[in-house]
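A short write-up of the structure that comes next.
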Amino acid sequence: MTARTDAAALLASHAIRARIEEQELRLAPLAAKARYSRGREQHDEPSPMRTLYQQDRDRIVHSKAFRRLKHKTQVFIAPLGDHYITRLTHAIQVAQIARSVARALNLNEDLTEAIALSHDLGHPPFGHAGEEALNEVVPGGFRHAEQTLRVVERLEKDGAGLNLAWEVRDALATHSKAPSSLEATPWGVASTLEGQVVSLADGIAYINHDIEDALRADLIAAADLPRAAIAVLGERHAERINAMVCDIIATNWERVRAGESSVGQTVGDYRRLAEDLVQRAERGERTLRMSPAVREATDALRGFLFERVYWAEFSRPDMRKARDLVQRLYTYFCTRPETLPPEFARALADEPVERVVCDYVSGMTDRFALQTFEDLFVPRLWSVVG
């Protein structure tokens, strides 16, 4: 036996994963339990020390798509300042907020973290400007949540995908929100409370860090923030996040934690509760909500950001240039698929060229998109010496 097989045998003998799964049975009755997961599309050998959701979290953190988030725009294109938010720092902040809520409500923190860290893996370069650009030219449109699913199911690991649990993939497809409200989800509701926590945490994170970035960029002043909302949520960044998080916990405490028991939960009990959550989600009904007063204040801040920051940024010359850049890259590779990198060129045997090019362009970082555009379209100066 090798050292690796010896270690695996030792860990299995201690039943580490089984003990963690047993501890999960003491979570809230409505919490997701790894032992009762709907599982993966492809069978994987279980880990001797990690639950299904812990494995998913680790697969996401070690993926190429996750690493690329550090050079993808949140709001400001390719920011040079050290303190502007990127997609990576956004994902980390969402995970922190979501885990705080999940811990307080006795939900599954591992599933919550896996969803939070992966929810934006399908975002294209240049943030929502890039998304809008692709949506205009890709057949059938483009939505980053759908692309995120494609990343984890088809594109990562050289086409094998990450083979994540059903509960993670379900939440990734439904985290997007309409401009009208943080709780408006025209693309569906997550079937787990953990997925619903991440959807709310996503909004809490970007509302507050985008305010900070807009202040840093002198797009707005603190005095411009809607005063009625500030009176409810607080003047400072930390105060506002704390008010929103505490409100979610207080508003949902009885609903989520009712019926908790120290003796665990049978598979039959869990299946009945989980199926009820799925049916509610299929009807578009949220289980987790903010209180009316805090939701109204939060939506007011979000509406302010759309009006003063997001739409204003979309109309800036640099954003228009970014949209044009993304569309020109897409058109170029659609008409010259032979210039695609080998791993994407191989996919042309099974996928339409438009689909493969969309995968390639949407996976680019801001930097790589800019460099590729320069290589393809900007002439180089040269001189003859002598």
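The values are calculated or read from the model by the stated rules, or taken from the named source; none is laboratory data. All of these numbers come straight from a predicted model, not from anything done at the bench. Counting neighbours? That spans all protein chains shown, and the Cβs are built from the backbone with ideal geometry, glycine included.
Could you please let me know if Arg328 is in a helix (DSSP H, G or I), modelled with pLDDT under 95 and within 30 Å of Val75 (Cα to Cα)?
Taking the combined requirement at face value, the residue does not satisfy it.
Residue under question is Ser176, and the condition is that it be under 17 Å from the mean Cα position of the chain (by Cα), under 29 Å from Val361 (Cβ atoms) and surrounded by fewer than 21 Cβ atoms within 10 Å (Cβ to Cβ); does it hold? Spell out how you get there, then give the answer.
Working: under 17 Å from the mean Cα position of the chain (by Cα): yes; under 29 Å from Val361 (Cβ atoms): yes; surrounded by fewer than 21 Cβ atoms within 10 Å (Cβ to Cβ): yes.
Against the criterion (under 17 Å from the mean Cα position of the chain (by Cα), under 29 Å from Val361 (Cβ atoms) and surrounded by fewer than 21 Cβ atoms within 10 Å (Cβ to Cβ)), Ser176 qualifies.
Go over the candidates Ala293, Ala369 one by one and state the one that is of a type in the set (Gly, Ala, Ser), in a helix (DSSP H, G or I), within 30 Å of Leu27 (Cβ to Cβ) and modelled with pLDDT of 95 or more.
Exactly one of Ala293, Ala369 is of a type in the set (Gly, Ala, Ser), in a helix (DSSP H, G or I), within 30 Å of Leu27 (Cβ to Cβ) and modelled with pLDDT of 95 or more, namely Ala293.
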key: Contacts under 7 angstrom Cβ, first residue in segment 8-31 being in a helix (DSSP H, G or I), partner modelled with pLDDT of 90 or more and among the polar types (S, T, N, Q), 6 or more apart   = Arg17/Ser47; Arg17/Thr51; Ile20/Thr51; Glu21/Thr51; Glu24/Asn108
request  = Would you be able to tell me the number of residues in segment 132-146 that are surrounded by fewer than 22 Cβ atoms within 10 Å (Cβ to Cβ), in contact with a helix residue (DSSP H, G or I) (Cβ under 9 Å, 6 or more places away or on another chain) and closer than 18 Å to Leu329 by Cβ?
outcome  = 6
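Do we find a residue being among the acidic types (Asp, Glu) and within 18 Å of Gly303 (Cβ to Cβ) anywhere in segment 193-209?
So far as segment 193-209 goes, yes, one or more of its residues are among the acidic types (Asp, Glu) and within 18 Å of Gly303 (Cβ to Cβ).
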query = If you take the residues of segment 148-169 that are among the aliphatic types (A, V, I, L, M) and modelled with pLDDT of 95 or more, which of them is farthest from Met364 (Cα to Cα)?
reply = Ala165
query = Restricting attention to segment 38-56, which residues are crowded, with 20+ Cβ neighbours inside 10 Å and under 23 Å from Thr266 (Cβ atoms)?
reply = Thr51, Leu52, Tyr53
